[in-house]
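> Could you have a look at this structure, given as structure tokens, before my questions?
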Amino acid sequence: MPDPERYARFEALRRIAKAHGHVVILADSALTAREWGADGVYGAPKALYPSRHTLITAATVHNMKELGQANRFGADFSLISPIFATRSHQNAKTLGSIRFRTLAAYAKMPVIALGGMNLESAHRLQWPAWAAIDGLSAL
């Protein structure tokens, strides 16, 4: 989506989110997140550096190398994915429960499990402290 349209969509969603007391995290650079009025930024760990201490930083993590970078750069939380098969990334290699637990054990920040997450798959993680997002099952 071209930047003017993307900004207009972001601004409309930001107003709705803020009206309901939510924080808004943008997938872009920290500079753009600050310019657009986001509360945080997310992306690959290297893209989050140098960090902006006024922004929440969320690192996308798919392997141990990225987790190490997220730890070093001090991400506030990580989005580990894809845990299980998901419609949004149909041909992606999944991590599964064991690799998720290995990554989560080395994370120096809270983790969010993404990819094929529902009540049943959440129980398969066998992890005591996690969050999960399932944005497609209801579609």
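> Normalised by the residues of the chain, what does the relative contact order come to in percent, with Cα pairs under 8 Å and at least six apart?
The normalised contact order for the chain reaches 15 percent.
> Separate question: For the chain, with a Gaussian network of springs between Cα atoms less than 10 Å apart, report the residue from P50, P110, P82 with the top mean-square fluctuation.
P50
> If you stretched the chain out fully between T102 and S51, how much longer would it get, using 0.36 nm times the residue separation minus the C-alpha to C-alpha distance?
In short, 15.8 nm is gained.
> Continuing with the same structure: Given the options S81, P128, A30, identify the residue whose Cα lies farthest towards the positive end of the charge dipole of the stretch 3-133 (+1 on Cβ of Lys, Arg; -1 on Cβ of Asp, Glu).
Farthest along the dipole direction, towards plus: P128.
> Evaluate 2.2 N^0.38 Å with N set to the residue count of the chain, then give the Cα radius of gyration divided by it.
Relative to the rule-of-thumb radius for its length, the chain sits at 1.09.
> For the chain, the longest stretch holding no trypsin sites (Lys or Arg not before Pro) located in a DSSP loop with at most 12 other Cβ atoms within 10 Å is which?
Excluding the exposed sites themselves, the longest stretch runs over 1-92.
> Sticking with this structure for a sec: Extension gain Q126-W36, at 0.36 nm per residue separation less the Cα-Cα distance, in nm?
Stretched fully, the Q126-W36 segment lengthens by 28.5 nm.
> Here's a follow-up. Using the eigenvalues of the Cα gyration tensor, what equivalent ellipsoid semi-axes result for the stretch 16-76 when each is taken as the square root of five times the eigenvalue, whole Å, largest first?
Over the Cα atoms of the stretch 16-76, the semi-axes work out to 22, 12, 9 Å.
> Explain nothing, just the number: dipole magnitude of the chain about its Cα centre with +1 on each Lys and Arg Cβ and -1 on each Asp and Glu Cβ, in debye rounded to the nearest 20.
Approximately 320 debye in magnitude.
> Given contacts defined as C-alpha pairs under 8 Å and at least six residues apart, what's the relative contact order of the stretch 5-48, whole-number percent?
RCO, the stretch 5-48: 30 percent.
> Skipping prolines and chain starts, which residues have an amide H placed within reach, meaning under 5 Å, of the one on I56, given they are 5 or more residues away or on another chain?
The answer is G40, V41.
> Anyone know which of A12, A47, A59 comes out most mobile in the 10 Å Cα GNM of the chain?
Checking each option, the largest mean-square fluctuation is seen for A12.
> I've got another one for you. With the cut-off at 22 Å, report for the stretch 31-110 the share of all Cα pairs above it, as a whole percent.
Taking all Cα-Cα pairs of the stretch 31-110, the fraction more than 22 Å apart is 28 percent.
> Under 5 Å between amide hydrogens, which residues at least 5 positions from S29 or on another chain qualify, with H placed 1.01 Å from N in the peptide plane?
Close amide H contacts, sequence-distant or interchain: none at all.
> Across the chain, how many lysine pairs, 8 or more positions apart or on different chains, have C-alpha atoms separated by under 24 Å? Please give the number.
Close lysine pairs found across the chain: 5.
> Compute the distance in nm between two label points, each set 7 Å from the Cα along the Cα-to-Cβ direction, one at N118 and one at M1.
2.8
No lab work stands behind these numbers, since they all come straight from the coordinates. In this text, all values refer to a predicted model and were calculated from it rather than measured experimentally. Methodologically, a virtual Cβ is constructed for each residue, glycine included, from the backbone with ideal geometry; neighbour enumeration extends over all protein chains shown.
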